[in-house]
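Written out below as structure tokens is the structure these notes cover.
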Amino acid sequence: MTRKTSSKESSVAVSKKSTEYRVLARKYRPQNFSELKGQEALVRTLTNAIQSGRIAHAFMLTGVRGVGKTTTARIIARALNCEKGPIVTPCGQCGQCLAIAEDRHVDVIEMDAASNNSVDEIRDLIDSVQYAPVSGRYKIFILDEVHMLSKQAFNALLKTLEEPPEHVKFVFATTEIRKVPVTVLSRCQRFDLRRIDADVLENYFAEILVKEKVEIEAGTLSLIARAADGSARDGLSLLDQAISREPEKITEQQVREMLGLLDRSATLDLFETIIKGNGSETMALLDTLYKGGAAALMVAQDLIDLTHTLTKIKIAPELVKNQALPEAERVRGAALSTALSVPTLTRTWQMLLKGVQEIQHAFNPQLALEMLVIRLLYVSDQPTPSDVLKQLKDGSTVSVGTSARETPPRGTTSMSSTTETEASAVNGFDDVVALFGQHKEVILKSQIVNFVHLVEFKQGHLSVHLKEGAPNNLVGQMSDKLNQWTGQRWLVSISQDMGAPTLAEASQSQQQEAMEEVRTHPIVREALRTFPGAKIVNIRNNGKKT
């Protein structure tokens, strides 16, 4: 009875083991050099070294997470200890290969330096180096995240690393190569594993899906490959997650929801409204995306990615013909890139980069995103610095929009009331100055009076020349206030022409003329003669100062 129960239990255990799910990253881990993706330089060098017998005693593998450092270390161990080896392509069937693949080979010691980083543990390792391998050709030590070793541990390892016994090989892996002492690096053959290109990952994932008998919508794999950021392991983890959500067929919408990505057309819609300076529509789109679950950081990163793509299309139009480019970007992106200049795109890129950092550190990422977009709205119609310099060089007027303005961008409602708009009609430069007085902008009014030379007045447009010493933001503030108070768009531009005297200069000239006229009056001349040292201090006309 007992034996029957034991047999059943054993049967159940075997059944469970055989049906236990293995994640894709483990199931499809490369078993030889030919299966490594995107590391052609490393494969070529190691292949030549093994074939020629010029095998180093220590290897240093470095690169970002998920590019195959530990996998490469295990392939090296199999290649060196395979019963048919050393061989470039391990058989995978002999006792040595199977033992290494199952992590039970007595002569292949794999350590995590992050948790075994003390000098005592390294000394134990050094002591074991002296003993010959038990079953394999070489005793191979694989140290992962080697940069985590302490300074004392590195020092203890140096002598053995420089002159190890012939039967010993070291393979180190690290994501932080700069933290590894130069004295250690100089004793190793270094290999830099590069990020895996998105198209390579995409093809790799497609092969795996065929083996897993899972369908996927066209274009969806590119989203996963891009999100993987050059890491095969990260990409396979995302692919695992996508399959778990929908085992039969992976859809683009499902992956976008999983990754928190925007639909490409939604990103283009948002970008277009920003470039057009349409405030109402832009904020409405942001609100819709927020309610739909789009993460603020992802929205900003998608805008950055789109800006980069548009810039590439701008300088290399042949990219439009690239079939790997999404349809929305090929058609709408091409039109957008034609309409925008490279300086405008690079300015947008710089502002978005800074904005992403703000979003990452903000207590409320959505608010940070909205403020970033508002900044982009307010510079959408501004000339770039190169445009301003060119206009100044040509001697033409410089158009100054409403940077740092208080009035809303196009598409938003003005805060000025209808009554105020009607009461703020401006028919001349004197009306402009009077308007600043009416709104108690005393400082601005004084600056206009003292520093602004009127060149030309038209309804909705002031052309002015600024006197030396004028505040840098004076023209912008004039434009802002006029927009706000009059309810119409005012453009204030800087001209190279001198224009009319400032109001202060005109007033002073009139005062001097009046003084001369009064001084020559017979009564005044007699008064000045009668009272030596007397001066004319002020002139009153009808009880008012002139």
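The values are calculated or read from the model by the stated rules, or taken from the named source; none is laboratory data. The structure presented is a predicted model; accordingly, all values stated were derived computationally and were not measured. Note: ideal-geometry Cβ built from the backbone for every residue, glycine included; neighbour counts use all protein chains shown.
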Subject >> Number of the exception - Ile243 against (1) modelled with pLDDT of 85 or more; (2) closer than 30 Å to His147 by Cβ >> reply: (2)
Original post:
Considering only the stretch 213-242, how many residues are in contact (Cβ under 8 Å) with a residue 40 or more places away in the chain and more than 23 Å from Gly63 (Cβ to Cβ)?
Top reply: 1
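Based on what the data block shows, is Leu466 surrounded by 14 or more Cβ atoms within 10 Å (Cβ to Cβ), of a type in the set (A, V, I, L, M, F, W, C) and at pLDDT below 85?
The answer is no for Leu466.
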**OP:** Taking the options Gln496, Gln510, name whichever one is touching a residue at least 24 places away in the same chain (Cβ under 8 Å) and farther than 21 Å from Lys458 by Cα.
**Re:** Gln510
Original post:
Which residues, taken from the stretch 78-106, are of a type in the set (A, V, I, L, M, F, W, C) and out of contact with any Lys or Arg (no Cβ under 8 Å at 6 or more places or on another chain)?
Top reply: Ala79, Cys82, Ile87, Val88, Leu98, Ala99, Val106
Subject >> Residue that is free of Cβ contacts under 8 Å to residues at least 60 places away in the same chain, within 45 Å of the chain's Cα centre (by Cα) and farther than 19 Å from Gln31 by Cβ, where the choices are Thr174, Thr89, Thr160 >> reply: Thr160
Original post:
Looking at the stretch 328-338, which of its residues are modelled with pLDDT of 65 or more and either within 21 Å of the chain's Cα centre (by Cα) or within 21 Å of Leu352 (Cβ to Cβ) (or both)?
Top reply: Glu329, Arg332, Gly333, Ala334, Ala335, Leu336, Ser337, Thr338
Subject >> Boolean, Ala527 is of a type in the set (A, V, I, L, M), exposed (fewer than 13 other Cβ atoms within 10 Å of the Cβ), over 21 Å from Val426 (Cβ atoms) and not assigned by TED's automatic domain parsing to the domain that holds Ala425 >> reply: yes
Subject >> Set Val388, Val373: member being modelled with pLDDT under 75 and either in a helix (DSSP H, G or I) or out of contact with any Lys or Arg (no Cβ under 8 Å at 6 or more places or on another chain) (or both) >> reply: Val388
**OP:** Name every residue in the stretch 200-229 that is at pLDDT 85 or above and part of a loop (DSSP other than H, G, I, E, B), in order of residue number.
**Re:** Lys213, Val214
**OP:** Could you tell me which of the residues Ala56, Ala77 is of a type in the set (A, V, I, L, M) and surrounded by fewer than 23 Cβ atoms within 10 Å (Cβ to Cβ)?
**Re:** Ala56
Original post:
Out of all the residues in the stretch 181-198, which are within 20 Å of Met148 (Cβ to Cβ), assigned to a helix (DSSP H, G or I) and touching a helix residue (DSSP H, G or I) at 6+ places or on another chain (Cβ under 9 Å)?
Top reply: Thr183, Val184, Leu185
Subject >> Some residue of the stretch 106-119 being in contact (Cβ under 8 Å) with a residue 60 or more places away in the chain and either outside the structural domain of Pro86 (by TED's automatic domain parsing) or part of a helix (DSSP H, G or I) (or both) >> reply: no
Original post:
From the set of residues in the stretch 134-175 that are aliphatic (A, V, I, L, M) and part of a strand (DSSP E or B), which is farthest from Ala113 (Cα to Cα)?
Top reply: Val168
Original post:
Which of the residues spanning the stretch 445-468 are of a type in the set (A, V, I, L, M, F, W, C) and in a strand (DSSP E or B)?
Top reply: Val452, Leu454, Val455, Phe457, Leu462, Val464, Leu466
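Here is a yes/no grid of residues against (1) among the β-branched types (Val, Ile, Thr); (2) under 22 Å from the mean Cα position of the chain (by Cα); (3) modelled with pLDDT of 85 or more:
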position	(1), (2), (3)
Asn278	no, no, no
Ala284	no, no, yes
Gly292	no, no, no
Asp305	no, yes, yes
Leu310	no, yes, yes
Ile313	yes, yes, no
Glu318	no, no, no
Asn322	no, no, no
Pro326	no, yes, no
**OP:** Quickly run through the stretch 121-145 and pick out the residues that are more than 20 Å from Asp103 (Cβ to Cβ), aliphatic (A, V, I, L, M) and surrounded by fewer than 19 Cβ atoms within 10 Å (Cβ to Cβ).
**Re:** Ile126, Val129, Ala132
Original post:
Considering only residues of the stretch 230-240 that are out of contact with any helix residue (DSSP H, G or I) (no Cβ under 6 Å at 6 or more places or on another chain) and part of a helix (DSSP H, G or I), which is surrounded by the most Cβ atoms within 10 Å (Cβ to Cβ)?
Top reply: Ala232
**OP:** For Glu505, work out the one condition from (1) within 16 Å of Phe429 (Cα to Cα); (2) acidic (Asp, Glu); (3) touching an Asp or Glu at 6+ places or on another chain (Cβ under 9 Å) it doesn't fulfil.
**Re:** (3)
**OP:** Could you tell me whether any residue of the stretch 71-82 is among the charged types (D, E, K, R) and touching a helix residue (DSSP H, G or I) at 6+ places or on another chain (Cβ under 8 Å)?
**Re:** yes
